[in-house]
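The values are calculated or read from the model by the stated rules, or taken from the named source; none is laboratory data. Just so you know, these numbers come straight off a predicted model, no measurement behind them. A quick note on method: Cβ atoms are made from the backbone with ideal geometry, for glycine too, and the neighbour counts reach across all protein chains shown. Just the protein is used for accessible areas: all its heavy atoms, side chains included, with ligands, DNA and RNA removed. Shrake-Rupley method; radii C 1.70, N 1.55, O 1.52, S 1.80 Å.
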Amino acid sequence: MAHALVAGGGIGGLATALALARHGHRVTVLERQQTFGEIGAGIQLAPNGFHALDLLGVGRQVRERAVFVDELRLMDGTTSQKIVAMPVTGPYRRRFGNPYAVVHRRDLHAPLLAACRAGERIELVADAAVQRYTQDAAQVTVVTADGRTRTGDLLVGADGIRSTVRAQLVGDGAPRVCGHTIYRSVIPIAKVPRRLRWNAVTLWAGPSWHFVHYIIGGGDHLNLAATLDDGAREPVAGRPTPRAVVLARFPGLGDTARLLLELGEEWRQWVLCDRDPVEVWTDGRVTLMGDAAHPMLQYAAQGACQALEDAVVLGDLLAGAGDDVAQRLARYNAVRRERTARAQFLAREMGSRLYHPAGEEAAARDAMLGALTEEDLYDKVSWLHGAQDFLRAAAG
């Protein structure tokens, strides 16, 4: 069995550790922060994500804290009229084999972390930021920020969109700043009027902006996310922002959406980034996964799901690996690159064509979506939400 080094102890890194340990490998997870934890707010989990979690052995634990929504709604953010809604209950679950749910990031990260801590083959090392690696035909060695070294049979870079492993492997510089600013807040559900506690992921679309909200934390909190296509060019991550600033940036919101936005407090700001897809994210005994390999905008709600798929495929392809680790990692790259690139491009397209158009373009969007039946909507998401054989999903 192999000894795998994993750079990054977030959702993708821990999922990778579980997938590899499930096939008998020894895993050392190197996390840059002083503790293993997860920041952020809500995550949407489609059926493909739940299928991956089940394969990793933590599906039940995540379900215990998930909120299973009834539908995904797209609303006109200025008129408050419904554009389209896709039910995600009975027929949807029967077709795709799993539910659609929303969770707080920590409610996804914590079960993965607990399973890793319980695993005899997994070592978790905090305060160990991977800076660089060297490799030869037999092994790979990483150097952490404090000068320590670790040696293994392979290295998986699961260290996010600003991955140091990617910087050495791909060398494509800083992420692409997409020009969208997002403001996030999580509020107690008790602050929300009962008539607005909808069991749905609701998106209000307006000209060059949109506003999303849904219940998380097992029903205890409401996640708010308001995005503005403002041409921002400087990356920002988690900057505290006064409530008055957020409210002033979305003057066109209709009454209902405005009421919900006004409930937000302790807002934080991000400027969204992604990267262009690359053909090769594997070099010998080193590979990437998740946001380190294929970071995507949040508009398709598939970032976490695709990282979970990556982990499962890595584990399956490395089952029984010996001297052929490099060949198996190259196979993983080949299996995953087309599907993840398609998801990256879809996320970009949804942000521009579905969520932010104005005038005639918005009217054309409304007419197009309004003509779709429930089954049509399921057909459109089938290639993403319906994947279960992740080794073959790229052909879907």
Can you pull out the residues in the stretch 303-355 that are farther than 22 Å from W383 by Cβ and either assigned to a helix (DSSP H, G or I) or small (G, A, S) (or both)? G315, A319, G320, A321, G322, V325, A326, Q327, R328, L329, A330
Within the stretch 328-335, does at least one residue satisfy the condition of being surrounded by 17 or more Cβ atoms within 10 Å (Cβ to Cβ) and among the polar types (S, T, N, Q)? yes
Please list, ordered by first then second residue, the pairs with beta carbon atoms under 9 Å, 6 or more apart or interchain, first in the stretch 361-376 and over 17 Å from M350 (Cβ atoms), second part of a loop (DSSP other than H, G, I, E, B) and not acidic (D, E). A363/P357
Between A248, A225, which is modelled with pLDDT of 95 or more, aliphatic (A, V, I, L, M) and open to solvent by 20 Å² or more (accessible area, probe 1.4 Å)? A248
Given (1) within 23 Å of F345 (Cα to Cα); (2) more than 17 Å from the chain's Cα centre (by Cα); (3) modelled with pLDDT of 95 or more, index of the condition E234 fails: (3)
Candidates G160, G171, G147, G179 - the one that is among the small types (G, A, S), on the phi > 0 side of the Ramachandran plot and assigned to a strand (DSSP E or B): G179
Mind listing whichever residues of the stretch 134-176 are open to solvent by 30 Å² or more (accessible area, probe 1.4 Å), touching a strand residue (DSSP E or B) at 6+ places or on another chain (Cβ under 7 Å), over 30 Å from A232 (Cα atoms) and aliphatic (A, V, I, L, M)? A145
Would you say G9 is touching a strand residue (DSSP E or B) at 6+ places or on another chain (Cβ under 7 Å), in contact (Cβ under 8 Å) with a residue 40 or more places away in the chain and buried (at least 24 other Cβ atoms within 10 Å of the Cβ)? yes
Given the structure, is V143 farther than 30 Å from E375 by Cβ and β-branched (V, I, T)? yes
Counting only residues in the stretch 116-133 that are open to solvent by less than 30 Å² (accessible area, probe 1.4 Å) and under 19 Å from G10 (Cα atoms), the one modelled with the lowest pLDDT is identified as G119
Within the stretch 64-74, does at least one residue satisfy the condition of being within 27 Å of R268 (Cβ to Cβ), charged (D, E, K, R), touching an Asp or Glu at 6+ places or on another chain (Cβ under 7 Å) and open to solvent by 40 Å² or more (accessible area, probe 1.4 Å)? yes
Restricting the search to the stretch 251-265, which residues are open to solvent by 20 Å² or more (accessible area, probe 1.4 Å) and without any contact (Cβ under 8 Å) to a residue 60 or more places away in the chain? P251, R258, E262
